[in-house]
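First the structure, in the form of structure tokens, and then the observations on it.
The values are calculated or read from the model by the stated rules, or taken from the named source; none is laboratory data. Bear in mind the structure is a predicted one, so any value in this text is a computation, not a measurement. Methodologically, a virtual Cβ is constructed for each residue, glycine included, from the backbone with ideal geometry; neighbour enumeration extends over all protein chains shown.
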Amino acid sequence: MNESYYNKPFIVVDMLPERVPQDSPGQFFAVERFFLEPGRRSALREKFTDLLLKLNCYCAFRVFSADGRDYGANPAPGKLRELVCGCQVDVRVLIPEADALIALERDDMYLTVYNPDEKLLGLVKTLAGAEGLFCRRGAWEESE
């Protein structure tokens with residue numbers, strides 16, 4: 001897997017519309033723990049799966065684990081669901097036509113989309129919104 005994607009512009013697909021400030025008076029960590037409980041985590045992972053499956057209707061992609069295991073091009077929907085919802089591997093989705101990479105770590109509650117072109121960005125934003133998710137620029141861009 002090409003590590004150069006991690007140095008490119010990225011967006012985050014998240015259940016929250018913006019980063020929670022460090023000095024937030026709310027209870028982010030308690031809420032995060034709640035959403036990491038098995039039933040709640042599964043619901044969020046289903047949304048990520050649905051987003052990726054719908055995206056795969058529009059563009060071809062290849063799925064890997066972070067350690068390089070290749071799960072093939074356009075894996076069967078059930079296999080993709082197993083990978084995303086099973087939380088056993090850190091999933092990487094390479095989209096060659098857009099020169100983009102989607103990363104989902106097994107313990108994260110968000111997807112990261114590296115180097116999306118305008119077409120892919122628009123599609124991901126639309127699909128995320130349909131799943132009740134939000135897109136925002138990556139952390140290093142937020143301060144600009």
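A few notes on this one:
- Comparison of Tyr6, Tyr58 shows that the only residue that is within 14 Å of Ala103 (Cβ to Cβ) and of a type in the set (Phe, Trp, Tyr) is Tyr6.
- Residue within region 39-57 that is without any contact (Cβ under 8 Å) to a residue 40 or more places away in the chain, in contact with a helix residue (DSSP H, G or I) (Cβ under 8 Å, 6 or more places away or on another chain), among the hydroxyl-bearing types (Ser, Thr, Tyr) and on the phi < 0 side of the Ramachandran plot present: yes
- The single condition among (1) over 27 Å from Asp117 (Cβ atoms); (2) surrounded by 11 or more Cβ atoms within 10 Å (Cβ to Cβ) that Ser24 does not meet is (2).
- Test: residue in region 135-142 that is touching a helix residue (DSSP H, G or I) at 6+ places or on another chain (Cβ under 9 Å), surrounded by fewer than 16 Cβ atoms within 10 Å (Cβ to Cβ) and within 24 Å of Val31 (Cβ to Cβ): no
- If you filter region 91-117 down to residues that are out of contact with any strand residue (DSSP E or B) (no Cβ under 6 Å at 6 or more places or on another chain) and more than 15 Å from Phe61 (Cβ to Cβ), you find that the one that is modelled with the highest pLDDT is Glu105.
- For region 22-34, the count of residues that are in contact (Cβ under 8 Å) with a residue 12 or more places away in the chain and closer than 18 Å to Ala128 by Cα is zero.
- Of everything in region 13-45 that is at pLDDT below 95 and touching a Cys at 6+ places or on another chain (Cβ under 7 Å), the residue that is nearest to Met109 (Cα to Cα) is Arg45.
- Helices (runs of 4 or more DSSP H) contained in region 50-144 and holding at least 3 residues not hydrophobic (A, V, I, L, M, F, W, C): 77-86, 118-130
- Count - residues of region 106-120 that are in contact with a Cys (Cβ under 8 Å, 6 or more places away or on another chain), surrounded by fewer than 17 Cβ atoms within 10 Å (Cβ to Cβ) and over 14 Å from Glu46 (Cα atoms): 1
- Hey, Leu36 surrounded by 11 or more Cβ atoms within 10 Å (Cβ to Cβ) and either touching a strand residue (DSSP E or B) at 6+ places or on another chain (Cβ under 7 Å) or of a type in the set (Lys, Arg) (or both) or not: no
- Candidates Val93, Val89, Val63, Val31, filtered to the one that is aliphatic (A, V, I, L, M), under 23 Å from Gly138 (Cα atoms) and touching a Ser or Thr at 6+ places or on another chain (Cβ under 6 Å): Val89
- Positions within region 43-69 being farther than 17 Å from Thr126 by Cα, surrounded by 13 or more Cβ atoms within 10 Å (Cβ to Cβ) and of a type outside the set (A, V, I, L, M), in sequence order: Arg45, Phe61, Arg62, Phe64, Ser65
- Verdict on Phe29 being assigned to a helix (DSSP H, G or I), under 13 Å from the mean Cα position of the chain (by Cα) and not basic (Lys, Arg): no
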